[in-house]
Amino acid sequence: MAAGADRVNGCDEPRPFGLIVLAGGRARRLGGQDKPGLVVGGATLLAAVLRAGVSAGAEPVVVVGPPRDGLDGVRVVREEPAGAGPVPALRRGLAEMSAPSVAVLAADLPFLRAGQLRELQRAAADADGAVLADDAGRPQWLAGCWNAAVLRRALSGYPGDSLRGLLAPLDPVLVRAATAGPPPWLDCDTPDDLRRAQTLAQESPDPDNW
């Protein structure tokens, strides 16, 4: 963990939390493909994120985006208007939440695992939130856990459309996840990102080792 993680209260178990997966967007840098439906390591990007959340005990699970196959048991809603961006999508997903804590994740994190979500929950236990940091220490705004009430207050007075502009003032704890496998914060925004993820998955075929 990076500096600031000493605010963790030492609790062994994360508190109950819900999960919002932002799965809309137009994926312009991927030629307009359905990014959450792309496959890395034998699973779609969205399926990998949902598996991590469900395995970590998230309830409820809300996907903000268009209906897709394989989402039985998951609440699917759309931001208003559809394709409006991550802030409206977060606002829409949060409207479905009753849990005191919520994980907010992109739908293109193929290497995120339940243990890392639990680590984020522990780090956020006595802070407004916690986010994964990449290998350069940069916060990954779509890989975090948050106090739901704090998010609601921030959204209620926020006129912008930048997720960083919304979340950075909340001063989240930065968490550098301990893993010997592919980086859990790696997302797939471009064709190069996708190829890198697919190569890493081939080189590390056992997800239990990630």
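Key figures for this structure:
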read-out	value
Pick from region 114-164, criterion touching a residue at least 12 places away in the same chain (Cβ under 8 Å) and among the basic types (Lys, Arg), ranking: nearest to Leu174 (Cα to Cα)	Arg122
Pairs, first in contact (Cβ under 8 Å) with a residue 12 or more places away in the chain and hydroxyl-bearing (Ser, Thr, Tyr) in region 174-203, second assigned to a loop (DSSP other than H, G, I, E, B) and surrounded by 16 or more Cβ atoms within 10 Å (Cβ to Cβ), C-beta under 7 Å, six or more apart	Thr179/Trp210
Any pair with Cβ under 9 angstrom, 6 or more apart, that starts in region 59-87 at a residue that is more than 20 Å from Leu117 (Cβ to Cβ) and ends at one that is basic (Lys, Arg) and surrounded by fewer than 16 Cβ atoms within 10 Å (Cβ to Cβ)	Gly83/Arg26
Single condition Gly57 does not satisfy, out of (1) under 17 Å from the mean Cα position of the chain (by Cα); (2) at pLDDT below 90	(2)
Test result for Ala82, at pLDDT 95 or above and either surrounded by 16 or more Cβ atoms within 10 Å (Cβ to Cβ) or more than 26 Å from Arg196 (Cβ to Cβ) (or both)	no
Scan of region 128-140 for residues that are hydrophobic (A, V, I, L, M, F, W, C) and either at pLDDT below 95 or touching a Leu at 6+ places or on another chain (Cβ under 6 Å) (or both), ordered by number	Ala130, Ala133, Ala136
Qualifying residue in region 86-105 (condition: modelled with pLDDT under 95, part of a strand (DSSP E or B) and more than 13 Å from the chain's Cα centre (by Cα))	no
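Listed here are the residues, each with its yes/no results for (1) small (Gly, Ala, Ser); (2) under 20 Å from Ser55 (Cβ atoms); (3) surrounded by fewer than 16 Cβ atoms within 10 Å (Cβ to Cβ); (4) at pLDDT 90 or above.
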{"site": "Leu109", "(1), (2), (3), (4)": "no, yes, no, yes"}
{"site": "Leu120", "(1), (2), (3), (4)": "no, yes, no, yes"}
{"site": "Ala124", "(1), (2), (3), (4)": "yes, yes, no, yes"}
{"site": "Leu142", "(1), (2), (3), (4)": "no, yes, no, yes"}
{"site": "Asp171", "(1), (2), (3), (4)": "no, no, yes, yes"}
{"site": "Ala197", "(1), (2), (3), (4)": "yes, yes, no, yes"}
{"site": "Asp208", "(1), (2), (3), (4)": "no, yes, yes, no"}
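The values are calculated or read from the model by the stated rules, or taken from the named source; none is laboratory data. Predicted model only: the values in this text are computed from it and were never measured. Note that we place each Cβ from the backbone using ideal geometry, even for glycine, and neighbour counts take in every protein chain shown.
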